Amino acid sequence: MEKKLPELPHSLKDVAVFPEDPRYDDVRSNDYKVGQPKIVILAENEEQVRDAITYAAKIKQGAEFPFSVRCGGHGLSATSVNDQGMILDLSRMNQIQVIDKEKGIVKIQAGALWSDVATKLLADQLVISSGDHGDTGVGGLAVSGGMGIILRSFGLTIDRVIGGTLITADGERHELDDLNEPELFWGIRGGGGQFGVVTEFLFQADKVTTTDSEFSIPMVIQTINYTITDLYGFTQAWHAWFKNSSNKLTSILLLNKGADQTITVQTRNFWYGEETPEARAVLAEALHLGNVSAKTEVAMNYADFFPDEHARIDGKNTAFGKNTLVTDIPQAIAAEMEKLLEPPFVYGVELRALGGAMNDKAADFNAWSFREAEIMIAYWVNQAHADEALRLFQPIQEFGQGIYGAYSSDTSTAENLRVWSNQTAARLKKLKQVYDPMHFFTQNREV
Ligand SMILES: Cc1cc2nc3c(=O)[nH]c(=O)nc-3n(C[C@H](O)[C@H](O)[C@H](O)COP(=O)(O)OP(=O)(O)OC[C@H]3O[C@@H](n4cnc5c(N)ncnc54)[C@H](O)[C@@H]3O)c2cc1C
């Protein structure tokens, strides 16, 4: 017979959702998985976060009881939901507060969405780089990485976290920064959610000061479609182009192969700043990287790139993605990418330009390994074909230095080992022993 859950503490009674609740369907899922939790807590404050953790930890002492934390619900690994356990949902803890406009200090609760952050900061001409999708959550991204459309100017999202509040499995509250528990602070910036739940982050935003532009946070966004026959030659030219231009440029490609064996490349180039002669020259060069079949160019505010979607999350996304981080794409790897583009079940191969500000930080600045990587190679397939695609990706994976954990649907132990270098993993392991010795936080990538 199924065991009943113990009585909830008073603080959680009004924010708990059980399977029989009409709201259950709306709060059970991540973008990639329909969860079957026994209970969902829609936390509204830090006290409820603490009480939810200690309540679940007590149950877990004597029984199997998975615990997940969900913010934006867009984690590719779908670990933010589970079956037969608790989901702690922070989406109601979504306040965004500019603490010091001139210095660009911003406090953001973990449940906020990045589109809302961009919109809120626009008025103060502040910007924090997140990802390319506005519905992803602050919590998931700010503990794991954050490769945004201005990555090469700004660095990773975790590179601009200057403080955070963490609740550990024993219910303790830790206010973290470079001076207070610096080792744990190092670990939450790239180590994921394996030490506790971060309720809020302090960020160092970028302060934009423009003179001529009609936009508060100006960007130029160029899209180009190329048709190419020489993938190696094209990727070499693209790599040299972004690397030798300016940190103001970030570029993302999506490759597909047609029945006639030609490869199409959908390119999005992001120039962070006004449309200066330098911007025009760099973007004009992009038109010579391959055979251009279509192009657009538009100036806009950074925030306008992120539509206000707030889409319902129902677990129906069938995509499966994986990636690897490389310093270059040699001919043999370009040939493997071509093979990967062959099957019809492959949605596409994505290349992201890295480097710039991301590589300026010291190797041990935070728990992100592989600072020297210059390109991320990712692919997307239908989940039903994940195993076939894994085999095709293997040679590329083996060539890569490591992976971006939050951009991978593969939850295997082997994949977890690729997220951190040995040195970073050893430091994270020590933190795990101190702050989560009972392994309460298992719905994560663990060292
Ligand atoms: C359509 C789409 C586009 C994307 N584009 C980008 C992109 O451009 N750049 C990029 O870098 N990534 C991108 N991602 C990846 C995504 O940003 C990461 O997977 C991120 O972790 C999702 O955060 P979330 O809060 O929405 O996820 P959730 O599913 O809510 O959480 C994911 C995991 O993060 C951890 N976590 C979440 N909140 C907390 C917290 N408060 N404390 C501790 N741990 C926590 C938990 O382990 C949780 O299982 C994209 C994902 C999707 C689906």
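Things worth noting here:
- The residues R28, R152, sorted by heavy-atom accessible surface at 1.4 Å with ligands and nucleic acids left out, run R28, R152 from largest to smallest.
- Electrostatic dipole magnitude of the chain [Cβ: Lys, Arg +1; Asp, Glu -1; Cα centre; debye, to 20]: 660 debye
- For the chain: rounded, prolate or oblate by the Cα gyration tensor [a/c cutoff 1.5]: prolate
- Solvent-accessible surface (1.4 Å probe) assigned to L254 amounts to roughly 60 Å².
- Highest GNM mean-square fluctuation among F345, F67, F203, for the chain modelled with Cα contacts below 10 Å: F345.
- For the chain, adding -39500 (n - 2.57) for each run of n ≥ 4 DSSP H residues and dividing by the number of residues yields -7000 deg cm²/dmol at 222 nm.
- Taking the square roots of 5 times each eigenvalue of the Cα gyration tensor of region 408-447, largest first, gives ellipsoid semi-axes of 18, 14, 6 Å.
- T411 sits with roughly 80 Å² accessible to a 1.4 Å probe, with DNA, RNA and ligands left out of the calculation.
- Per residue, the average separation of C-alpha pairs within less than 8 Å and at least 6 apart gives the chain a relative contact order of 17 percent.
- Solvent exposure of region 147-240 as accessible area per residue, Å², 1.4 Å probe: 32 Å²
- Accessible surface, region 10-89, averaged per residue in Å² (probe 1.4 Å): 41 Å²
- Phi to ³J(HN,Hα) by Karplus 6.51 cos²θ - 1.76 cosθ + 1.60 over region 37-53, Hz, x for Gly, Pro: x, 7, 7, 10, 9, 9, 5, 10, 7, 5, 4, 5, 4, 4, 5, 5, 5
- Computed from phi, the 3J(HN,Hα) profile of region 106-120 under the Karplus parametrisation 6.51, -1.76, 1.60 (θ = phi - 60°) reads 10, 9, 9, 6, 5, x, 5, 9, 5, 5, 5, 5, 4, 5, 5 Hz, with x in place of Gly and Pro.
- Overall, the anisotropy analysis places region 72-174 in the prolate class: the square-rooted eigenvalues a ≥ b ≥ c of its C-alpha gyration tensor yield a/c not less than 1.5, with a/b exceeding b/c.
- Sequence ranges 204-214, 157-167, 301-311, ranked by mean other-Cβ count within 10 angstrom, highest first: 157-167, 301-311, 204-214
- Of the listed residues K107, K101, K430, the order by accessible area with a 1.4 Å probe, largest first, is K430, K101, K107.
- Amide H contacts under 5 Å for S29: G35, restricted to partners 5 or more places along the chain or on a different chain, H placed in the peptide plane at 1.01 Å from N.
- For the residues E274, E102, E44, a GNM of the chain with alpha-carbon springs under 10 Å puts the largest fluctuation on E102.
- Among T276, T264, T119, residue whose mean-square fluctuation peaks in a GNM of the chain (springs only between Cα atoms under 10 Å): T276
- Nonlocal amide H pairs with I39, under 5 Å, H built at 1.01 Å: G85, I87
- Exposure ranking of S216, S293 by accessible area [1.4 Å probe, largest first]: S293, S216
- For region 80-229, the relative contact order works out to 24 percent when only alpha carbon pairs closer than 8 Å and six or more residues apart are counted.
- Percent of Cα-Cα distances greater than 16 Å, calculated over region 10-89: 46 percent
- Amide H contacts under 5 Å for K322: Y379, S409, restricted to partners 5 or more places along the chain or on a different chain, H placed in the peptide plane at 1.01 Å from N.
- Rounded to the nearest 10 Å², the accessible area of T79 at probe 1.4 Å: 40 Å²
- 24 Å Cα-Cα threshold exceeded, pairs from K4/K58; K58/K107; K361/K429; K107/K207; K13/K120: K58/K107; K13/K120
- For region 10-89, the antiparallel share of DSSP beta bridges with both residues in that region comes to about 30%.
- Portion, in percent, of the accessible area of the chain that falls on carbon or sulfur, probe 1.4 Å: 49 percent
The values are calculated or read from the model by the stated rules, or taken from the named source; none is laboratory data. What you see is a predicted model, and the numbers here were worked out from it, not measured in a lab. A quick note on method: Cβ atoms are made from the backbone with ideal geometry, for glycine too, and the neighbour counts reach across all protein chains shown. In case anyone asks, the SASA skips ligands and DNA or RNA and just uses the protein heavy atoms, side chains included. Shrake-Rupley method; radii C 1.70, N 1.55, O 1.52, S 1.80 Å.
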